[in-house]
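Peer 1: Before I ask anything, let me first share the structure, which is written out below as structure tokens.
The values are calculated or read from the model by the stated rules, or taken from the named source; none is laboratory data. Quantities reported herein were computed from a predicted structural model and do not represent experimental measurements. When we count neighbours, we look across all protein chains shown, and the Cβ atoms used for this are built from the backbone with ideal geometry, even at glycine. Surface areas here come from the heavy atoms of the whole protein model, side chains and all, with no ligands, DNA or RNA. Shrake-Rupley method; radii C 1.70, N 1.55, O 1.52, S 1.80 Å.
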Amino acid sequence: MLLGGLLAVTALAVVYGLLPLPGAILRTADPAVSASGARLGGLLQYPNAFGAVMAAFLLERLMRLARMERAAFTRASSWRGQRAGALALLFALGLLLSESRGALAAALAGWAAGLALLRGTRRRRYAWHSAVFAGAAAVLARGLASAQLAPARGPGALALAAGLAAALLASGRVAGALPRLGAAGAPRPHAPRCAPRAAPAPAAQRRWRCCSRRRWPR
């Protein structure tokens, strides 16, 4: 996970002009190669490979977020949920900026497989976290693509911080809105409110009790 975070952070640092790295961004005037004129390759300097790596790490983070409850998004848990969510957003943003159609198709297939493997509340968390971070990454990627991966440092950094804060807030709300899970991943069963009623006695047994209570004459 450290490798994935390093690749994502350094790639975005190049985009925002914080790290000079020749070859990290593929610029072209051919619309068949890039729709925006610039594709992000990061340290790998190859957008298709970079997109595939970002897709793999994104799916891992989404599966991990699906297993996190509300307690993971608190200070007592060292903000594990926020750290996982921040990486998920960076990976999703890197995937979209790579403009790799193959990596995007593989990510969608992997996402569908993950949805099929999960059950109950974890599946709903997985879907909601995916929607939150995919939506935030799409908004940020659209702004960066319109600037051909060369945004102004101040407004660009402010937009990234705002998008990250909004996505993490929504992700924490998702974790707190769904019920907690038991050990097996299913909702914990509730205790019955009252004890079940006893089954009625058979008709023959009721007649025997009635006869035994009669007082016979001496």
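Peer 1: Can you find a residue in segment 159-176 that is in a loop (DSSP other than H, G, I, E, B) and open to solvent by 50 Å² or more (accessible area, probe 1.4 Å)? Spell out the reasoning first.
Peer 2: Step one: list which residues in segment 159-176 are in a loop (DSSP other than H, G, I, E, B), which gives none.
Looking for residues that are in a loop (DSSP other than H, G, I, E, B) and open to solvent by 50 Å² or more (accessible area, probe 1.4 Å), one finds none in segment 159-176, hence no.
Peer 1: Does any residue of segment 10-25 turn out to be over 23 Å from residue 154 (Cα atoms) and either open to solvent by less than 20 Å² (accessible area, probe 1.4 Å) or within 27 Å of the chain's Cα centre (by Cα) (or both)?
Peer 2: Within segment 10-25, none of the residues are over 23 Å from residue 154 (Cα atoms) and either open to solvent by less than 20 Å² (accessible area, probe 1.4 Å) or within 27 Å of the chain's Cα centre (by Cα) (or both).
Peer 1: Right, here's the next one. Quick one: count up the residues across segment 25-44 that are in contact with a strand residue (DSSP E or B) (Cβ under 8 Å, 6 or more places away or on another chain) and over 16 Å from residue 141 (Cβ atoms).
Peer 2: The total comes to 3.
Peer 1: Continuing with this model, one more query. Go through segment 131-143 residue by residue and tally those that are within 17 Å of residue 31 (Cα to Cα) and touching a residue at least 40 places away in the same chain (Cβ under 8 Å).
Peer 2: Of the residues in segment 131-143, 0 are within 17 Å of residue 31 (Cα to Cα) and touching a residue at least 40 places away in the same chain (Cβ under 8 Å).
Peer 1: Looking at the structure I just gave you, is residue 36 surrounded by fewer than 16 Cβ atoms within 10 Å (Cβ to Cβ) and on the phi < 0 side of the Ramachandran plot?
Peer 2: Considered against the rule, which asks whether it is surrounded by fewer than 16 Cβ atoms within 10 Å (Cβ to Cβ) and on the phi < 0 side of the Ramachandran plot, residue 36 comes out as no.
Peer 1: So, in segment 41-55, exactly how many residues are assigned to a helix (DSSP H, G or I) and touching a residue at least 40 places away in the same chain (Cβ under 8 Å)?
Peer 2: The total comes to 9.
Every residue, every condition in (1) under 28 Å from residue 41 (Cα atoms); (2) within 14 Å of the chain's Cα centre (by Cα), yes or no:
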position	(1), (2)
87	yes, yes
92	yes, yes
96	yes, no
99	yes, no
103	yes, no
106	yes, no
110	yes, yes
116	no, no
125	no, yes
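Peer 1: Which one is most open to solvent (accessible area, probe 1.4 Å), of the residues in segment 61-91 that are under 18 Å from residue 113 (Cβ atoms) and out of contact with any Leu (no Cβ under 9 Å at 6 or more places or on another chain)?
Peer 2: By that ranking, first place goes to 64.
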